[in-house]
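First the structure, in the form of structure tokens, and then the observations on it.
The values are calculated or read from the model by the stated rules, or taken from the named source; none is laboratory data. Here the structure is a predicted model, which is why all the values come from computation and not from measurement. As a convention, Cβ positions derive from the backbone with ideal geometry for all residues, glycine included, and neighbour counts pool all protein chains shown. Ligands, DNA and RNA are stripped out before the accessible areas are found, and what is left, the full protein with its side chains, is counted by its heavy atoms. Shrake-Rupley method; radii C 1.70, N 1.55, O 1.52, S 1.80 Å.
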Amino acid sequence: MYSKQHLKETASFFLRLGFTAFGGPAVHIAMMRDEAVVKRKWMSEQHFLDLVGATNLIPGPNSTEMAIHIGQERAGWLGLIIGGICFIMPAVLITLCFAWLYKSYGQLPQVQPFVYGIKPAIIAVIIAAIYPLALKSLQSVELGIIGIICLALCFLGISQIAILFGAGFLAMGLMAIRLRNKNTVYSLLPFMMLGSSDNRLFSPANVSLFLSFLKIGAILYGSGYVLFAFLDAELVHKGIISHQQLIDAIAVGQFTPGPVFSSVTFIGYQINGITGAVISTIAIFLPSFLFVAFLNPIVRKMRGAKLFGAFLDAVNVASITLILFVCYQLGRDCLINWREILIAICSALILFRFRRINSAFIILGGSVAGYLLLLL
């Protein structure tokens with residue numbers, strides 16, 4: 001039975017994370033691991049890794065889905081709802097402020113000097129968090145080989161979802177061969193158990209927004225860059241918003257804390273004010289709550305079955321390689337002069353020397369260091 005204290009802990013944890021988790025899904029997950037696994041001991045490293053792998057198999061924003069998973073693990077069904085909402089709301093509220101400023105004054109505040117040092121610090125945060133996860137996930141030579149193959153496929157531009165499922169099914173096939181002389185039916189048991197132009201909430205414009213963003217939230221795999229492509233096809237090509245508005249919306253999602261999917265809050269506000277922002281936000285995140293509510297109870301059952309346990313192990317390794325590939329892309333794009341390299345190295349040294357330091361301080365420090373170094 002979950003107590004009110006568990007619920008309060010879940011709410012305060014994700015509210016604080018929602019206000020400090022700059023970067024993207026990889027760094028959000030790194031910060032969640034640091035707090036939920038290392039410091040608070042809410043779950044084991046293995047189960048956290050299983051949840052990371054599971055979120056990569058379903059559509060929607062991975063870090064938000066991890067927040068929902070962790071909320072349910074800590075405080076049950078109420079925790080599922082509270083954890084997700086508390087992680088999302090800070091980004092939504094900050095994005096609403098930017099949306100109002102943008103609509104009122106036609107431009108965004110100048111924040112680039114403070115964003116400059118964030119990405120190098122983020123690379124260090126991701127590497128520091130992914131190192132113990134990688135050690136945990138590489139349980140055999142076979143999984144190491146699968147990881148190398150997955151990383152190579154990333155560089156070849158193969159779809160992330162194809163890599164994840166391909167790794168999982170390959171591992172299942174290898175496990176089935178090992179068990180070919182045994183009765184493996186028991187391995188399947190876990191799955192066998194299973195109107196108008198005004199600003200009214202339900203105006204035609206808001207209904208259209210809800211359906212568009214609900215569809216995107218239910219089918220979108222990948223990062224904020226994939227979201228960019230979906231929004232471009234759904235809104236820009238139909239003449240609902242301009243391409244510049246879309247670029248500005250994605251920019252807001254990138255430099256505010258929390259999930260980049262809060263960009264749709266910005267877009268909804270531009271299209272139909274505050275009710276458009278509310279409807280758009282609910283629609284884009286609703287599928288994640290439903291997917292996680294269905295998936296969470298299954299993950300433990302999968303771990304207990306040999307075939308699906310092998311599937312999870314391979315998906316976990318593939319997930320780690322995808323995060324490493326994100327690090328490579330970030331490094332290629334932002335580590336291009338001595339200032340950025342210095343911030344990244346110093347951040348990494350601090351993180352590996354002081355294991356219990358909060359990642360948010362590293363990101364904040366990177367931001368301040370970037371601003372100061374630009375003055376030189």
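Here residue 306 fits the description: touching a Leu at 6+ places or on another chain (Cβ under 9 Å) and open to solvent by 40 Å² or more (accessible area, probe 1.4 Å).
Of everything in region 233-242 that is modelled with pLDDT of 80 or more and more than 17 Å from residue 286 (Cβ to Cβ), the residue that is surrounded by the most Cβ atoms within 10 Å (Cβ to Cβ) is 235. Here residue 77 fulfils each of the conditions (1) over 16 Å from residue 256 (Cα atoms); (2) buried (at least 18 other Cβ atoms within 10 Å of the Cβ) apart from (2). Restricting attention to region 143-168, the residues that are touching a helix residue (DSSP H, G or I) at 6+ places or on another chain (Cβ under 7 Å) and either at pLDDT 85 or above or open to solvent by 80 Å² or more (accessible area, probe 1.4 Å) (or both) total 11. Annotation for region 274-291: no member residue is part of a helix (DSSP H, G or I), over 24 Å from residue 207 (Cα atoms) and of a type in the set (A, V, I, L, M).
One residue alone among 332, 339, 356 is more than 30 Å from residue 165 (Cβ to Cβ), in a helix (DSSP H, G or I), basic (Lys, Arg) and open to solvent by 30 Å² or more (accessible area, probe 1.4 Å), and that residue is 339.
Specify the residue that is nearest to the chain's Cα centre (by Cα); the eligible residues are those in region 264-303 that are of a type in the set (Val, Ile, Thr) and open to solvent by 30 Å² or more (accessible area, probe 1.4 Å). So, considering only residues that are of a type in the set (Val, Ile, Thr) and open to solvent by 30 Å² or more (accessible area, probe 1.4 Å), the one nearest to the chain's Cα centre (by Cα) is 282. Residues in region 251-273 that are among the β-branched types (Val, Ile, Thr) and part of a loop (DSSP other than H, G, I, E, B): 256 alone. All told, residue 9 falls short of being at pLDDT 90 or above, acidic (Asp, Glu) and within 18 Å of the chain's Cα centre (by Cα). Within region 18-49, the set of residues being in a helix (DSSP H, G or I), touching a Gly at 6+ places or on another chain (Cβ under 9 Å), within 25 Å of residue 312 (Cβ to Cβ) and open to solvent by less than 40 Å² (accessible area, probe 1.4 Å) comprises 28, 30, 31. Taken across region 66-80, residues that are modelled with pLDDT under 90, under 28 Å from residue 357 (Cβ atoms) and over 14 Å from the mean Cα position of the chain (by Cα) do not occur at all. Of all residues being at pLDDT below 85 and in a helix (DSSP H, G or I) in region 212-230, which is farthest from residue 363 (Cα to Cα)? Just the residue, please. Step by step, filter region 212-230, then rank; the result is 219. Anything in region 118-177 that is closer than 30 Å to residue 362 by Cβ and either of a type in the set (D, E, K, R) or touching a Pro at 6+ places or on another chain (Cβ under 8 Å) (or both)? List them, or say none. Matches in region 118-177: 119, 136. Among the candidates 210, 261, single out the residue that is open to solvent by less than 20 Å² (accessible area, probe 1.4 Å) and of a type in the set (Phe, Trp, Tyr). Of the residues listed, the single one that is open to solvent by less than 20 Å² (accessible area, probe 1.4 Å) and of a type in the set (Phe, Trp, Tyr) is 261.
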